[in-house]
Amino acid sequence: CDLYMVLLAISASLASPALLSCARPGRSSAEPPPLSRRALLPLPLLPLLLPAAAPAADTFEYVENGEAKQLTEIQARDALTKKVEAATAAGKGLDLERRGQFNEKALFSEDFYFKYGLRPSASEALASPYVPPQGELPFSPVQRRYNGYTKYASRITTGIEAYSGALREAVAGGRWAEVATLLDKGSKGKGSNEKGEGSGQPPSELRSMCRALGLFGNTALQSENDSGTTAANLLARHLVNELYFSMDDLASAAQGGDKAAAKEAWSRGRDYLNSYLRIVNYPIISRVGDKFSVVEGSL
């Protein structure tokens, strides 16, 4: 876990295409193409794969189990590919089936996973160097935070209460039809009636909360002067996405009447939600509003 957290701390600095692909200028077209950035980023050993000091320009120093080895470019790629597969199997690497090739299946496509290829757990997110107490959050003006809180706090609070109350009780009692209703994603309208109103079905309070969480993060974890999405906000979006996916898992478990899987999905979603709330509660001062309550209880 410590090594994984080191990777979180330095992943933002790994932007050199030459380093990420382990390729040298003037690479022959006969050599295999370099691995993509997204395929390499999940590897805990990336920081340990550096150009060697040896005279040969196409060898690299690869460290494994504390032992340094001189590998050719092809050998290094092969070793890294094995690490990619191991990271993915451990649940911290690529997730093409659930998230899609470009993270297009996520509620918020531009999140920590999209940029760095990493999927930290709820506890790892809180221990990352991008959030307190390890690091400082990006500056956001009080007025910006206040406006966001005023706009989204009600939806967030209602969702938290539903998650810890109605949803938890429905799962505990095995009331699967109720669970399905509580986790309904809604549907887009297909035209309008004579009053000009849409005929779509709005999402449930819990699903609506997830979108409000991501939108509130935009106001609390960065300012309009930031050139891009901050790492803290990317991390918060990742937590929201994982919460949303946990709701999907819970809905599937309810459909199949699998109580054990439903309890596990609820607990996992609770952890992601609470990690998000603990992060955004830092910039919520008295001039902004009341801090959000975390989800208590278990199944």
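Computed from the coordinates by the stated procedures, all read-outs in this text should not be read as laboratory data. Being a predicted model, the structure only gives us computed values, none of them experimental.
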Can you compute 3J(HN,Hα) from phi for each residue in region 69-74, using the Karplus curve 6.51 cos²θ - 1.76 cosθ + 1.60 with θ = phi - 60°, rounded to whole Hz and x for Gly and Pro? 10, 9, 10, 6, 4, 5
Per residue, how big is the convex hull around the C-alpha atoms of region 197-281? Give it to me in cubic angstrom, could you? 113
Quick one: Karplus J couplings for region 174-184, per residue in order, coefficients 6.51, -1.76, 1.60, θ = phi - 60°, nearest Hz, x for Gly and Pro? x, 8, 5, 5, 5, 4, 4, 5, 5, 10, 5
Whole-Hz Karplus couplings 3J(HN,Hα) for region 104-119, θ = phi - 60° and coefficients 6.51, -1.76, 1.60, Gly and Pro as x, run 6, 8, 6, 4, 10, 5, 8, 10, 4, 5, 4, 7, 10, x, 10, 10
Give the Kirkwood hydrodynamic radius (Å, one decimal) of region 123-250, defined as one over the mean of 1/r across all pairs of different Cα atoms. 16.6
Expressed in Å to one decimal, the Kirkwood Rh of region 216-265 from all distinct alpha-carbon pairs is 12.6
Amide H partners (placed H, <5 Å) of Lys69, local residues excluded: Tyr62, Val63, Glu64
